[in-house]
Amino acid sequence: MDILLAIAIMALGAVVLGALLGFASVKFKVEGDPLIEKIEAILPQTQCGQCGYPGCKPYAEAIANGDEINKCPPGGVEGVQRLADLLGREVKPLDAEEKPKQIAIIDENTCIGCTLCIQACPVDAIVGAAKQMHTIVAQQCTGCELCLPPCPVECIRMEVIDENIDNWKWKYPVVEIKAAALQKAA
Amino acid sequence: MLMNLFKFKGGVKPPTNKTQSVGLPIAIAPLPSKLVVPLHQSIGGMPRPVVQAGDKVLKGQLIGEADGRISAAVHAPTSGTVVDVAMHIQPHPSGLDALCVVIEPDGKDEWIDRQPLDYAAMSPEQVREHLQQSGVVGLGGAVFPTHGKLTASKTVPMEEMVINGAECEPFITCDDLLMRERAEEVVRGIGIFRDLLRPKKVLIGIEDNKPEAAAAMRAAVAAVGEDFAVIQVPTLYPAGGAKQLIRVLTGKEVPAAKRSTDLGVQCFNVATAYTAWRAIAHGEPVVSRLVTVTGNVHDPRNYEVLIGTPMDELLKLARPHPDTDGIIMGGPMMGFLVPDVHVPVIKATNCLIAHDDRLFPPKAPEMPCIRCGACAQACPHELQPFEMYWFSRAKNFGKTQEYNIFDCIECGCCSFVCPSRIPLVQYFRFAKSEIWAREREKNAADQAKTRFEFKQLREEREKADKAEKLAKAAAAQAAKKAAEAAAAAAVPADASAEATPSASGPAPAQTSAVPAVDAEKAAKMATIEAAMARAKAQREAVQPKNTENLTSEQQRAASDIEARRVAAHLIEPEPATPAGEKTE
């Protein structure tokens with residue numbers, strides 16, 4: 001009799017807790033994968049495709065599924081470091097060389113107004129119309145270089161963003177090490 | 001008036017070194033050989049240049065137009081010719097260039113038409129607008145456009161207005177001399193601010209090492225007939241920090257990430273009040289300021305200097321000692337060694353100190369932090385500099401923010417007291433600018449992401465729209481065809497109905513339904529055939545027709561060419577030629 005009671009109590013407990021869990025899983029359902037979002041937040045959102053995926057989100061998904069973390073040149077070594085910290089993986093050297101931040105510039109004398117670069121730009125940073133001169137909105141340009149290959153007259157070039165007073169940073173204080181004067185032998 | 005003063009925590013007492021430069025009255029600095037006026041001299045938007053090389057300008061003429069609400073206009077400091085609008089090295093720790101207007105003075109120093117204004121008859125909005133157009137900015141060092149601080153908060157009543165004449169930084173005496181010699185105009189300028197903000201009390205704080213300035217201000221307040229309180233505060237660096245002076249005079253502590261206006265307090269520098277008065281009552285925009293020239297020089301004193309004067313020319317007036325090896329802009333606590341001695345004086349330049357190793361001995365090397373806590377005791381903002389130092393050094397910027405690094409005013413008290421001579425402020429500046437850079441990058445990335453997602457959405461929508469349009473067009477076409485076919489089918493049906501009048505009404509409809517499908521198909525086939533025929537006709541129409549109507553000579557030339565091409569095996573011989581002949 002006792003054993004039956006115990007089984008009944010356990011069964012009742014199981015049913016109640018199961019119902020609670022079921023309710024919680026419906027009520028507190030997490031939309032999407034939070035890990036992918038975290039990875040995507042670290043990626044630089046240039047949408048350049050240098051990682052081999054069509055945009056930062058697909059690469060974030062690929063990383064979450066086990067792809068390498070060192071395929072993003074715009075993110076740089078620091079990006080790899082942060083991804084490694086997030087995912088608990090080992091830091092690897094970058095798969096390509098790291099470039100300084102740059103933006104695209106259209107040579108407006110050469111541009112023929114073909115609109116091919118406008119279609120290629122992932123962030124709509126190029127303004128222009130068919131047979132009209134095009135130009136790049138510098139603030140929006142991510143420097144992804146996707147507009148370079150489609151241009152039939154090669155009028156787009158990349159320019160490194162120079163240091164100016166607005167983006168200048170204080171340098172890390174360096175301790176100067178001076179060579180001590182050699183002591184003369186007595 | 002007896003008043004209960006409050007204290008702020010921390011602070012240091014460096015040697016003041018002020019007596020050297022107060023002995024002589026303010027001198028007007030002579031016209032320099034050229035003036036390099038940077039356009040971006042205040043916080044906020046970068047003013048747009050409105051002059052070009054070759055333009056003649058008068059003293060006080062607008063050369064840079066304010067861009068946006070938080071921005072202040074820039075004016076020509078003297079009459080002359082604009083030589084250039086170009087990049088020049090700035091009095092900035094980076095030593096980088098920025099856009100400047102270079103003016104060659106004509107020596108006449110001829111003013112524009114100056115219009116004194118009666119501000120009592122103007123609306124507050126007009127007064128603020130005029131101050132912005134006159135380039136009035138905070139001359140205490142932060143160069144925040146003054147008009148931006150002159151709007152009273154709608155939610156918090158304005159309790160006190162604090163006027164900062166503390167001038168706590170060593171060596172600097174320009175505000176001291178200004179109050180001694182031009183107190184009345186300062187007081188009238190404070191009157192303008194008072195009328196715009198309508199505070200309950202106006203408190204003028206002056207450190208007690210400037211009794212002459214305090215006396216002059218008291219006399220001026222009495223002479224003008226105002227009820228401002230001139231209060232001497234204990235000499236303790238950094239009592240001249242806005243938050244510190246507010247604390248000392250009102251007992252209110254401005255919390256992190258809040259502004260003094262949230263507590264009903266607003267703070268202005270005495271020199272700002274003076275320039276505001278000159279702008280309103282004399283129509284003179286800010287084209288000059290008082291600069292203390294001191295340090296390793298024979299005759300330290302205060303000069304009224306045109307904005308844009310090269311620093312080396314100004315320093316020469318005070319006859320520097322030959323061993324001078326640099327110029328510090330600002331005081332010894334918060335100033336910096338300018339990257340080049342030719343950089344211009346700007347609105348933020350309150351002091352030039354000729355640098356040499358006797359006054360500023362080279363710092364002994366940095367030693368490890370011993371966690372003595374002296375920096376925390378000296379910090380006037382009650383921060384923990386040693387913790388911020390560890391995290392800045394380790395580039396752990398998130399942690400530095402947890403220790404409120406952005407409340408640090410970079411006063412330098414912590415570096416001053418550090419027994420290990422650690423340049424703490426440099427670490428904090430490094431951490432702050434890294435955090436700002438990251439913030440900028442994050443914003444850019446977020447923006448890029450939204451724009452990318454929007455582009456994808458747009459492309460998808462366009463695709464869907466196009467597909468829908470095509471489907472609609474196809475449906476319309478099909479409906480039209482069906483209608484035509486039905487009409488075609490209806491004609492024979494009608495004919496048959498006529499032939500057999502005994503048949504019932506719905507019968508023809510029933511019979512026509514079956515042939516309608518066939519008719520539709522037939523119609524489709526017919527249209528396809530018609531289209532093909534049209535295409536064929538078109539193709540034939542565009543065939544080259546230059547082979548017709550040839551003269552016999554041309555015909556012969558053409559056949560010669562053909563023969564040669566055949567001989568060279570360039571083309572297959574004409575199909576008319578029998579294959580056997582080719583091998584021969």
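Points to keep in mind about this one:
- Rg/Rh (Cα only; Kirkwood hydrodynamic radius) as it applies to the protein assembly as shown: 1.19
- Label point distance in nm, B:ALA121-B:ALA86, each placed 7 Å from Cα along Cα→Cβ: 4.7 nm
- Sites A:GLU159 and A:ALA64 - FRET efficiency at Förster radius 30 Å, r taken between beta-carbons, to 0.05: 0.30
- Residues in the range B:1-45 that a label on B:GLU212 would reach, taking backbone N under 18 Å of a point 7 Å out along Cα→Cβ: B:16-28
- Extreme residue, positive dipole direction of chain B, given options B:VAL136, B:ALA475, B:ASN404 (C-beta unit charges): B:ASN404
- Above-threshold pairs, the threshold being 25 Å between Cα atoms, out of A:LYS99/B:LYS395; B:LYS13/B:LYS252; B:LYS154/B:LYS347: B:LYS154/B:LYS347
- Of the DSSP H helices in chain A, those whose Cα atoms cover at least 20 Å axially and whose Kyte score averages 1.6 or more: A:2-27
- Here the gap between B:ASP357 and B:ILE28, fully extended at 0.36 nm per residue and compared with their Cα-Cα distance, gives a gain of 115.5 nm.
- By the rule of a C-alpha distance below 17 Å, with chain neighbours fewer than 8 residues away ignored, the aspartates and glutamates paired with B:LYS480 are B:ASP518, B:GLU520.
- Cross-link pairs beyond the 30 Å C-alpha cut-off, checked among B:LYS149/B:LYS449; B:LYS149/B:LYS399; B:LYS399/B:LYS442: B:LYS149/B:LYS449; B:LYS149/B:LYS399
- Packing rank of B:318-325, B:371-378, where each peptide gets the mean count of other beta carbons within 10 Å, highest leading: B:371-378, B:318-325
- Environment charge of B:THR261, counting only residues whose C-beta is closer than 13 Å and scoring Lys/Arg +1, Asp/Glu -1: +3
- To the nearest ten degrees, helix B:211-224 and the longest principal axis of the Cα atoms of chain B are 70 degrees apart.
- Using a Förster distance of 45 Å, the FRET efficiency for B:ASN404-B:ALA475 (Cβ separation, nearest 0.05): 0.10
- Proportion of all alpha-carbon pairs of the range B:106-250 beyond 24 Å (%): 36 percent
- Over all other residues within a Cβ to Cβ distance under 12 Å of B:ALA53, the charged ones net out to -2, with Lys and Arg as +1 and Asp and Glu as -1.
- Amide proton proximity set for B:LEU96, modelled H, under 5 Å, gap of 5+: B:GLN90
- From phi via Karplus (6.51, -1.76, 1.60), per-residue ³J(HN,Hα) for the range B:6-13 in Hz, x at Gly/Pro: 10, 10, 9, 6, x, x, 9, 10
- Sites listed here are chymotrypsin sites (Phe, Trp or Tyr not before Pro) in the range A:1-107 whose DSSP assignment is loop and whose Cβ has at most 15 other Cβ atoms within 10 Å: A:PHE28.
- Counting heavy atoms of the protein chains alone, B:CYS418 has an accessible area of about 20 Å² for a 1.4 Å probe.
- Isolated cysteines of chain B, defined as having no other cysteine beta carbon under 4.7 Å away, are B:CYS100, B:CYS168, B:CYS174, B:CYS267, B:CYS351, B:CYS369, B:CYS372, B:CYS379, B:CYS408, B:CYS411, B:CYS413, B:CYS418.
- Additional length obtainable on full extension of the chain from B:THR235 to B:ASP299, 0.36 nm per residue less Cα span: 20.5 nm
- Each residue of the range B:154-165 was assigned a 3J(HN,Hα) from its phi angle through the Karplus curve 6.51 cos²θ - 1.76 cosθ + 1.60 (θ = phi - 60°); the sequence is 7, 9, 9, x, 6, 8, 10, 10, 9, 9, 8, x Hz, with glycine and proline shown as x.
- Three-way shape call for the range A:1-144 based on the alpha-carbon gyration tensor, with the a/c threshold at 1.5: prolate
- Ignoring lysines fewer than eight residues from B:LYS481 along the same chain, the ones with Cα atoms less than 22 angstrom from its Cα are B:LYS469, B:LYS472, B:LYS521, B:LYS524.
- B:GLY326 long-range amide H proximity, modeled H, under 5 Å: B:HIS355
- Exercise: per-residue mean of other protein chain Cβ atoms within 10 Å, B:451-461: 4
- Taking other residues whose beta carbon is less than 11 angstrom from the beta carbon of B:ASP97, and scoring Lys, Arg as +1 and Asp, Glu as -1, yields -3.
- Between the Cα long axis of helix B:183-197 and the first principal axis of chain B there is an angle of about 40°, rounded to the nearest 10.
- Sites matching trypsin sites (Lys or Arg not before Pro) across the range B:392-492 that sit in DSSP coil, with at most 13 neighbouring C-beta atoms within 10 Å: B:LYS395, B:ARG421
- Order by protection proxy (mean Cβ within 10 Å, highest first), peptides A:93-99, B:92-98, B:529-535: B:92-98, A:93-99, B:529-535
- Over the range B:19-355, Cα pairs under 8 Å with separation of 6+ residues give a relative contact order of 23 percent.
- The distance separating the Cα centre of the range B:251-265 from that of the range B:93-154 comes to 26 Å.
- Modelled FRET efficiency - R0 56 Å, A:LYS38 with B:ARG565, Cβ distances, 0.05 increments: 0.20
- Counting, for every residue in A:163-169, the Cβ atoms of other protein chains within 10 Å of its Cβ and taking the mean gives 6.
- Shielding of B:436-449 by partner chains, average beta-carbon count, 10 Å: 5
- For the protein assembly as shown, share of DSSP beta bridges that run antiparallel, in % to the nearest 5: 65 percent
- For B:LYS108, a cut-off of 14 angstrom between C-alpha atoms picks up no aspartates and glutamates at all, skipping any fewer than 8 places away in its own chain.
- Order by protection proxy (mean Cβ within 10 Å, highest first), peptides B:131-139, A:107-115: B:131-139, A:107-115
- Checking every one of the GluC sites (Glu not before Pro) in the range B:74-146 against DSSP loop status and a limit of 16 other Cβ atoms within 10 Å picks out B:GLU110.
- Degrees, to the nearest 10: B:124-133 long Cα axis against longest axis of chain B: 90 degrees
The values are calculated or read from the model by the stated rules, or taken from the named source; none is laboratory data. Note that the structure is predicted; figures quoted are calculated from it, not measured. Virtual Cβ from ideal backbone geometry, glycine too; neighbours counted across all protein chains shown. Note: areas computed on protein heavy atoms with side chains; ligands, DNA, RNA excluded. Shrake-Rupley method; radii C 1.70, N 1.55, O 1.52, S 1.80 Å.
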